[in-house]
Amino acid sequence: MGSACSDVADAPGRGMNLAGVFDGRNAARGWRVRAEHLDDIAAAGFTTVRLPVCWWGYAQSSYPYRLDGRILDAVEAVLGEAWARDLAVVLTMHHADAVYGDPQGSVDQLVAIWRQIAERFAASTGALAFELLNEPHPPMTPGQWNALLPTVLGGVRDVDANRLVVIGGAEASTVGSLRHLELPPDDHLLATVHYYQPFHFTHQGAPWQIGSAAWLGTGWGSAADRAAVTSDLAEAVAWSQRARVPLYVGEFGALDRADQGSRVRWTHWVRRELDRLGLPWAYWDFGTDFGAYDLGRHTWRQDLLDALTRE
Ligand code: BGC
């Protein structure tokens, strides 16, 4: 993809996750990305959008695992609008539940889907990266994920030798999962981390996390809290230096159930640390339950935007 790919990896790339558009399971379409959203994202100084897509919901379940052309068209339209505003795009493989449950049994489908995506965008000149699997996680083990990687990456590489590819570790892309990650040799890889620590703070009251109601009321902001973030991120950077693979923090954020003051403090501190370390990042997310933007009122939540963009 030539020089364009460096846009995603360039530090300090600042990004927004466009969650809730195409990542519903069962091909459920969510909110629609409008020109004004991308205008506002670019005007606020963001340089990247990460677009989560549940491709699995749009593909045939047996060979040749053909993707519905309508999802490719819809994604391409968003990419075109993003590129028209000089926004680089990271395209994910979200909620590929079959892979987590049965890695060997679903690798053919994963490869087939990636080949179709890679073919569709092979000739595009806009900055674009592919994230092979969002938050690989149990029951798939790190060993199974490492064993799958050459095959899945190979599917993309057969079509596109230089496309920037993003890969996270098999414990939901946490910092700790990096230590088990074994990347195939390749000159166009970014390792990714999702940062949601402390989890009981960022995911308090999350409907999809069993027991998280008990975490409601967890605040954030002590010196020890800040030091823990610094230490976690230092661990990630140390791995990246050892492995000689650049890092991308593709998600970080705190759910709207947390007290707003604590959310803003956490977001500001994490973001400043990421900038200090020169790590490109994307906030989770733009317009849903972690949202920095109020889709109904067509405006930023100013305190979160400030936390992401101001000193
Ligand atoms: C998941 C979302 C979730 C978010 C925060 C994402 O990777 O796809 O469903 O809301 O992480 O936990």
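The values are calculated or read from the model by the stated rules, or taken from the named source; none is laboratory data. Note that this is a predicted model, so its numbers are computed, not measured. All Cβ positions, even for glycine, are placed from backbone atoms using ideal geometry, and neighbour counts span all protein chains on display. Accessible surface areas use protein heavy atoms only, side chains included; no ligands, DNA or RNA. Shrake-Rupley method; radii C 1.70, N 1.55, O 1.52, S 1.80 Å.
Given Cβ point charges of +1 (Lys, Arg) and -1 (Asp, Glu) and nothing else, what value in debye, to the nearest 20, does the dipole of the chain about its Cα centre take? Working shown, then result.
On the way: 26 positive and 37 negative charges, 40 e Å.
The dipole magnitude comes to about 200 debye.
Would you mind giving the average projected area, over all directions, of the Cα convex hull of segment 198-275 in nm² with one decimal? Don't skip to the end; give the middle numbers.
Details: hull surface 22.7 nm².
Directional mean of the projected Cα hull area for segment 198-275 stands at 5.7 nm².
Would you mind checking which residues have amide H under 5 Å from Val166's amide H? H placed 1.01 Å from N; only 5 or more apart, or other chain.
For Val166, whose amide H was placed from the backbone, the distant partners under 5 Å are Phe130, Glu131, Leu132, Leu190.
For the chain, set up a GNM with springs between Cα atoms under 10 Å and report which of Leu87, Leu18, Leu72 has the largest fluctuation.
Leu72
Say each of Thr230 and Leu295 gets a label point 7 Å from the Cα, pointing the same way as Cα to Cβ; how far apart are those two points in nm?
For the pair Thr230/Leu295, the computed spacing is 3.8 nm.
Please list, by residue number, every one of the chymotrypsin sites (Phe, Trp or Tyr not before Pro) in segment 199-232 that is coil in DSSP and has at most 12 other beta-carbon atoms within 10 Å. Mind dumping the intermediate values first?
On the way: sites: Phe199, Phe201, Trp208, Trp215, Trp220; in loops: Trp208, Trp220.
Answer by residue number: Trp208.
Once fully extended, how much extra length lies between Ala43 and Glu182, figured as 0.36 nm per residue of separation less the alpha-carbon to alpha-carbon distance? Please report the intermediate quantities before stating the final value.
Details: separation 139, 0.36 × 139 = 50.04 nm, distance 3.80 nm.
Additional length available on full extension: 46.2 nm.
Lys/Arg Cβ at +1, Asp/Glu Cβ at -1, dipole of segment 139-273 taken about the Cα centre: which of Trp266, Leu149, Val175 is farthest positive-ward?
Farthest along the dipole direction, towards plus: Trp266.
Calculated FRET efficiency, Gln209 and Gln260, Cβ-Cβ r, R0 22 Å, to nearest 0.05?
On the way: r = 20 Å, r/R0 = 0.90.
So the FRET efficiency works out to roughly 0.65.
Indicate the helices, whole DSSP H runs only, in the chain that combine a mean Kyte-Doolittle hydropathy of -1.0 or more with a Cα extent along their long axis of 27 angstrom or more. Please list the in-between numbers first.
Details: long enough: 223-243 (30 Å, 0.02).
Taking the DSSP H segments of the chain (at least 27 Å long, mean hydropathy at least -1.0), we get 223-243.
Given just the C-alpha atoms of the chain, how large is their convex hull per residue in cubic angstrom? Walk me through the numbers before you get to the answer.
On the way: hull volume 38.3 nm³, N = 311.
Per residue, the Cα convex hull of the chain comes to 123 Å³.
Based on DSSP H runs of at least 4 residues, each adding -39500 (n - 2.57), what is the mean residue ellipticity at 222 nm of the chain after dividing by all its residues, to the nearest 500 deg cm²/dmol?
Details: 10 runs with 120 residues, N = 311.
Calculated mean residue ellipticity at 222 nm is -12000 deg cm²/dmol.
Show me the trypsin sites (Lys or Arg not before Pro) within segment 275-305 that DSSP assigns to loop and that have at most 15 other Cβ atoms within 10 Å of their Cβ.
Loop-located and lightly packed - Arg297.
State in Å² the accessible area per residue of the chain; use a 1.4 Å probe, count heavy atoms of protein chains only, and round to the nearest integer. Kindly include the intermediate steps, with their values, before the conclusion.
Numbers: 12570 Å² over 311 residues.
For the chain, the per-residue accessible area is 40 Å².
Heavy atoms only, 1.4 Å probe, whole protein assembly: order Ser231, Ser173 by accessible area, highest first. Intermediate values should be presented prior to the final figure.
Numbers: Ser231 70, Ser173 0 Å².
Most to least solvent-accessible, the answer reads Ser231, Ser173.
Filter the chymotrypsin sites (Phe, Trp or Tyr not before Pro) in segment 22-91 to those in DSSP coil with at most 16 other Cβ atoms within 10 Å of their Cβ, and list the result. Don't jump to the answer; show the numbers that get you there.
Values: sites: Phe22, Trp31, Phe46, Trp55, Trp56, Tyr58, Tyr65, Trp83; in loops: Trp31, Phe46, Tyr65.
For chymotrypsin sites (Phe, Trp or Tyr not before Pro) across segment 22-91 that sit outside H, G, I, E and B with at most 16 neighbouring Cβ atoms in 10 Å, the list reads Trp31.
For Ala243 and Gln104, what does the FRET efficiency come to when R0 = 41 Å and r is the distance between their Cβ atoms, rounded to the nearest 0.05? Working shown, then result.
On the way: r = 26 Å, r/R0 = 0.63.
Calculated value: 0.95.
State the answer as a single residue: which of Pro52, Val99, Ser62 lies farthest towards the positive end of the charge dipole of the chain, with beta carbon charges of +1 for Lys and Arg and -1 for Asp and Glu, about the Cα centre.
Farthest towards the positive end: Pro52.
Using the Karplus curve 6.51 cos²θ - 1.76 cosθ + 1.60 with θ = phi - 60°, work out ³J(HN,Hα) for each residue of segment 129-139 in order, rounded to whole Hz, and write x for Gly and Pro.
10, 10, 9, 4, 7, 6, 6, x, 8, x, x
From the gyration tensor of the Cα coordinates in segment 35-88, what semi-axes in whole Å does the equivalent ellipsoid have, largest first, with each one equal to sqrt(5λ)? Don't skip to the answer; put the middle values down first.
Values: eigenvalues 164, 19, 12 Å².
Square roots of five times the eigenvalues give 29, 10, 8 Å.
Mind giving me the FRET efficiency for Ser61 and Ala28? R0 is 22 Å, r the Cβ-Cβ distance, nearest 0.05 is fine. If you can, show how the numbers build up before the last one.
Numbers: r = 17 Å, r/R0 = 0.76.
Computed FRET efficiency for Ser61 and Ala28 comes out at 0.85.
How large is ³J(HN,Hα) for each residue in segment 200-212, as worked out from phi by the Karplus curve 6.51 cos²θ - 1.76 cosθ + 1.60 (θ = phi - 60°), to whole Hz, x for Gly and Pro?
5, 7, 6, 10, 5, x, 5, x, 8, 10, 4, x, 6
With the full set of protein chains in place, find how many percent of the accessible area of the chain is carbon and sulfur; take the probe as 1.4 Å.
50 percent
Rounded to the nearest 10 Å², what accessible area does Thr151 show when all protein chains are kept and the probe is 1.4 Å?
Counting only protein heavy atoms, the figure is 70 Å².
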